[in-house]
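As structure tokens, the structure follows; a few thoughts come after it.
The values are calculated or read from the model by the stated rules, or taken from the named source; none is laboratory data. Treat the numbers as computed from the prediction; the structure is a model and nothing was measured. Quick reminder, even Gly has a Cβ in these numbers, built from the backbone with ideal geometry, and neighbours come from all protein chains shown. What goes into the accessible areas is simple: the full protein's heavy atoms, side chains included, and nothing from ligands, DNA or RNA. Shrake-Rupley method; radii C 1.70, N 1.55, O 1.52, S 1.80 Å.
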Amino acid sequence: VNDRVKRGLEVGTAALELPLGFLTRIDSGTQRIVQSTGDHELLQPGESCPLDKAYCRRTIESDGSLAVQHATESDAVSDAALGTFGLEAYVGAKVYVDDEVYGTVCFADREERVDAFSETETMFVELLARLVGQALERRERERERRERNEHLEREKRRFEGIADASFDVIFRIGLDGEFTYVSAAVQRALGYAPG
């Protein structure tokens, strides 16, 4: 996922002609940078700030994406955010994971932008945010599946350990009528090896 997000940010910075691209995680009133491109010192992975000092606060409050071509002349960006990051051009969209706001995907520049962001550009950022959200959801599902399989494997080994210590013959038969498990007690009871 990280490589795909990084590549998406690189494609976005090239397509939008903005030097900074970043993915944020917003949690408990804090914005944390998860992934980024560009050289802004506060927009590097691991950096964080209170959400009320971030451009992303307005992004997650908006219905769609937030696009600002000249932040010092816009009411869409707070003075605190402008003072913290100093970004003049900014476009960002919310990232949803399991129908909850995870964070944002954003692109920015310290310099103002001559032309307003087009509908195509804002739709591109919204689409990228949606793709990032889907990738994060897939990663979470894979993690859950892996944990569930590991748990089932531990339980299977535990059951087989208990069954092998039992004096009773315990077996499992598959839908095809074939034995899939026979406890070690079969050796004592019938003289056959479990295999």
(request) Would you mind getting the accessible area per residue of region 54-195, heavy atoms of the protein chains only, 1.4 Å probe, in Å²? (result) 62
(message) Compute the angle between helix 2-16 and the longest alpha-carbon principal axis of the chain, please, reported from 0 to 90 degrees and rounded to the nearest 10.
(response) 20
(message) Under 30 Å between alpha carbons, and skipping anything fewer than 8 positions from Lys6 in its own chain: which lysines qualify?
(response) Lys53, Lys94
(request) Give the residue from Ala189, His151, Phe124 lying farthest towards the positive end of the charge dipole for region 48-189; charges sit on Cβ (+1 for Lys and Arg, -1 for Asp and Glu) and the dipole is referred to the Cα centre. (result) Ala189
(request) Keeping the other protein chains in place, figure out the carbon and sulfur percent of the accessible area of the chain, with a 1.4 Å probe. (result) 49
(request) Treat each spin label as a single point 7 Å out from the Cα along the C-beta direction, and report the Glu100 to Ala184 distance in nm. (result) 4.5
(request) Compute the Cα gyration tensor for region 2-101, then decide on rounded, prolate or oblate, letting a ≥ b ≥ c be the square roots of its eigenvalues: rounded whenever a/c is under 1.5, prolate when a/b is larger than b/c in the other cases, and oblate in all that remain. (result) rounded
(message) For a protection proxy built on the mean count of beta-carbon atoms within 10 angstrom, sort 4-10, 168-174 highest first, please.
(response) 4-10, 168-174
(message) To test your reading of the geometry: what angle, between 0 and 90 degrees and rounded to tens, separates the Cα axis of helix 119-165 from the longest principal axis of the chain?
(response) 20
(message) Could you compute how much accessible surface Ser78 exposes when probed at 1.4 Å, giving the result in Å² to the nearest 10?
(response) 20
(message) Quick check on the chain: helices-only [θ] at 222 nm, where DSSP H runs of length 4 and up contribute -39,500 (n - 2.57) each and the sum goes over total residues. Nearest 500, please.
(response) -14000 deg cm²/dmol
(request) For His70 and Arg146, calculate 0.36 nm times their separation in residues minus their Cα-Cα distance, and state this gained length in nm to one decimal. (result) 22.7 nm
(message) Using 10 Å bins from zero, what percent of all Cα-Cα pairs in region 27-84 falls into each bin?
(response) 22, 52, 26
(message) If you take Cα extents along the principal axes in Å from the coordinates, which of [x] 88, 30, 29; [y] 84, 40, 28; [z] 73, 39, 35 do you get?
(response) [x]
